[in-house]
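Participant: This is the structure I have questions about; it appears just below.
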Amino acid sequence: MGLTPGTPAPGLGGKVALVAGATRGAGRGIAVQLGAAGATVYVTGRTTRERRSEYDRPETIEETAERVTEAGGTGIAVPTDHLVPAQVRALAERIDAEQGGLDVLVNDIWGGEKLFAFDRPVWEHDLDDGLRLLRLGVDTHAITSHFVLPLLVRRRGGLVVEMTDGTSAYNSEHYRNSYFYDLAKNSVLRTAFVLAHELEPYGGTAVALTPGWMRSEMMLDAFGVTEDTWRDALATVPHFCVSESPAYVGRAVAALAGDPDVARWNGRSLSSGQAAQEYGFTDLDGSRPDCWRYLVEVEAAGKPADGTGYR
């Protein structure tokens, strides 16, 4: 199946999606691209215009919903803490009452960016932070699946996208930052594999998907640049040349959701770059970053930073 370069996906009009963890970053990018393809998209998170999460950042789920609608879909913001079963149950009940089912679940819940320390062994890592990270990165996915998947299995062809960091192939051979981070991200990969087994009898598909080096709001702030000026960061972080916008992984999800043969991916993991090669979409600038291949062939190989051939 191929798409015209730059096209998000075949029309998703009439499809209902839930992007859990859509306040910012990949979740927001995915929600907006599903909206651009015409879907009705429920977006959840803990930061609203009235209340912020411990991230204490300005992005809100209301903004995400508005961007979904502006893109051509219907955005619906539902404040939800996915560690609280009662709130997730209420979310599922609302979607059921308003839509009668669900076609796409994107589980992008994370919230652990401030809770892990790079390259610090487990005995030196703050234990409370590590256990909180696991709750945010693993328990939330289980709670959400428990309450939401009954809506998805009503409709054959349902899709679950479990968002993580790294493909199965890459993570199987590489240490990922810290004990707790590694455990959380690899648990999500396994979650997609397990859900694939459980959804298959109902005609459903579960996939693990990873962006590459994504220019999230937090990443741009850390480098002191904006989406328009991100190349200024290359002077100090040259491998950032292979980075991608959140819309890129969003287009990957939209392409998967519009693929009538999406079941071929059941139980597998893939990256935004792999999906772009398969489906023919591009990032907003017309490029096709392939971060995970770059990390192995350029950065890990000790070669000078050069995105030629990788975007």
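Participant: In this structure, is Ala275 closer than 21 Å to Phe193 by Cβ, at pLDDT 95 or above and in contact with a Ser or Thr (Cβ under 8 Å, 6 or more places away or on another chain)?
Facilitator: No.
Participant: Quick check on my filter: what residues within the stretch 125-158 are touching a residue at least 40 places away in the same chain (Cβ under 8 Å), farther than 20 Å from Val16 by Cβ and not in a helix (DSSP H, G or I)?
Facilitator: His125
Participant: Restricting attention to the stretch 16-39, which residues are free of Cβ contacts under 8 Å to residues at least 60 places away in the same chain and crowded, with 24+ Cβ neighbours inside 10 Å?
Facilitator: The answer is Thr23, Gly35.
Participant: What do you reckon, is Asp165 within 24 Å of Arg57 (Cα to Cα) and of a type in the set (Asp, Glu)?
Facilitator: It is true that Asp165 is within 24 Å of Arg57 (Cα to Cα) and of a type in the set (Asp, Glu).
Participant: Further question on the same structure: Within the stretch 189-203, can you find the residues that are surrounded by fewer than 24 Cβ atoms within 10 Å (Cβ to Cβ) and not aromatic (Phe, Trp, Tyr)?
Facilitator: Selection gives Leu189, Arg190, Thr191, Val194, Ala196, His197, Glu198, Leu199, Glu200, Pro201, Gly203.
Participant: Out of (1) closer than 26 Å to Asp259 by Cβ; (2) not in a loop (DSSP other than H, G, I, E, B), the odd one out for Ala184 is which?
Facilitator: (1)
Participant: Quick check on this structure: which one of Ala208, Ala222 is surrounded by fewer than 18 Cβ atoms within 10 Å (Cβ to Cβ) and closer than 30 Å to Leu284 by Cβ?
Facilitator: Exactly one residue qualifies, and that residue is Ala222.
Participant: Also, quick follow-up: Among the residues of the stretch 187-237, which ones are β-branched (Val, Ile, Thr) and either more than 19 Å from Gly273 (Cα to Cα) or assigned to a helix (DSSP H, G or I) (or both)?
Facilitator: Hits for the stretch 187-237 are Val188, Thr191, Val194, Thr205, Val225, Thr226, Thr229, Thr236, Val237.
Participant: Moving on to the next point. Of Leu133, Leu183, which residue is of a type in the set (A, V, I, L, M, F, W, C), surrounded by fewer than 20 Cβ atoms within 10 Å (Cβ to Cβ) and in contact with a helix residue (DSSP H, G or I) (Cβ under 9 Å, 6 or more places away or on another chain)?
Facilitator: Testing whether each residue is of a type in the set (A, V, I, L, M, F, W, C), surrounded by fewer than 20 Cβ atoms within 10 Å (Cβ to Cβ) and in contact with a helix residue (DSSP H, G or I) (Cβ under 9 Å, 6 or more places away or on another chain) leaves just Leu183.
Participant: Against the condition in a loop (DSSP other than H, G, I, E, B), in contact with a Gly (Cβ under 6 Å, 6 or more places away or on another chain) and of a type outside the set (Lys, Arg), how does Gly250 come out, does it pass?
Facilitator: no
Participant: Quick one: is Thr64 closer than 21 Å to Glu244 by Cα, crowded, with 24+ Cβ neighbours inside 10 Å and either touching an Asp or Glu at 6+ places or on another chain (Cβ under 7 Å) or basic (Lys, Arg) (or both)?
Facilitator: In short, no.
Participant: Only one of Arg89, Arg67, Arg94 is over 18 Å from Arg251 (Cα atoms), assigned to a helix (DSSP H, G or I), of a type in the set (D, E, K, R) and touching a strand residue (DSSP E or B) at 6+ places or on another chain (Cβ under 8 Å). Can you tell me which?
Facilitator: Answer to the selection: Arg94.
Participant: Okay, next question. Of everything in the stretch 34-64, what is out of contact with any strand residue (DSSP E or B) (no Cβ under 6 Å at 6 or more places or on another chain) and of a type in the set (Asp, Glu)? Give them in sequence order.
Facilitator: If the condition is that a residue be out of contact with any strand residue (DSSP E or B) (no Cβ under 6 Å at 6 or more places or on another chain) and of a type in the set (Asp, Glu), then Glu50, Glu54, Asp56, Glu59, Glu63 are the ones that fit.
Participant: Collect the residues in the stretch 97-127 that are of a type in the set (D, E, K, R) and surrounded by 18 or more Cβ atoms within 10 Å (Cβ to Cβ), keeping them in residue-number order.
Facilitator: Asp103, Asp108
The values are calculated or read from the model by the stated rules, or taken from the named source; none is laboratory data. This is a predicted model, so every value here is computed, not measured. As a convention, Cβ positions derive from the backbone with ideal geometry for all residues, glycine included, and neighbour counts pool all protein chains shown.
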